[in-house]
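Some notes on the structure that comes next.
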Amino acid sequence: MNIHIGLRVHKIMTLPGYSHNPQAENEPLDWEAIYWEQMPRIFNFFRYRLGDEELCKDLTSTTFTKAWRARHQYRHDLGAFEAWLFTIARNVANDYLRRSQRRKEVSLDAIRSVAGDNSVEGEAQKRREFERLHALLKTLPAREQEIVALKYGAGMTNRAISSAIGLSESNIGTILHRVVHKLRSHWDGEDNAG
């Protein structure tokens, strides 16, 4: 999965017109290291927001392509590179959602972890739980879905999320606390009802 995205981005970054000369651009960023460090996080952000693995690969590639093209616009004095990159990813996701003109209902089985029970029954249980979680996540407002995707999909800190979306760090923490409490309450309520 990661290799396929890497090859797509590598192809784009090595096309004529994309020559990268850090000395000429006075750019201290190691793009290859950044790519390999941030690509799984960007991909997981898209998986939490959209679910469809092939679409997520495309949008991850689009994000890094846009970042590469806009690399001269990144300003160290305005914030962390991670926040800048995730702002691009958020815009790519929002553009996709706007173009599709509907929220996609997709299962989250693409997010299931490698560790754990690999039996058929265990995998079926994981799939049911992820479908249930996905349904609960889709009941949240878009902003809360995005914050959950950044926190749990991309593994960002509250400070990094704050920087990326323009809310205070304490506001992010409060929103996450309320969302997790709401999701747990609905999850437990469904367990007790069933």
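Coordinate-derived values only; no laboratory data. Here the structure is a predicted model, which is why all the values come from computation and not from measurement. As a convention, Cβ positions derive from the backbone with ideal geometry for all residues, glycine included, and neighbour counts pool all protein chains shown.
The calculated FRET efficiency for residue 80 paired with residue 131, based on their beta-carbon distance and R0 = 35 Å, is about 0.50.
Protection proxy ranking, highest mean first, for peptides 88-98, 37-47: 37-47, 88-98, where packing is the per-residue count of other beta-carbon atoms within 10 Å, averaged. Converting phi to 3J(HN,Hα) with the Karplus coefficients 6.51, -1.76 and 1.60 and the offset θ = phi - 60°, the stretch 166-182 yields x, 10, 5, 4, 5, 5, 4, x, 5, 4, 4, 4, 5, 5, 4, 4, 4 Hz in sequence order, with x at every glycine or proline. Extending 7 Å from Cα along the Cβ direction at residue 174 and again at residue 121 yields two label points whose distance is 4.6 nm.
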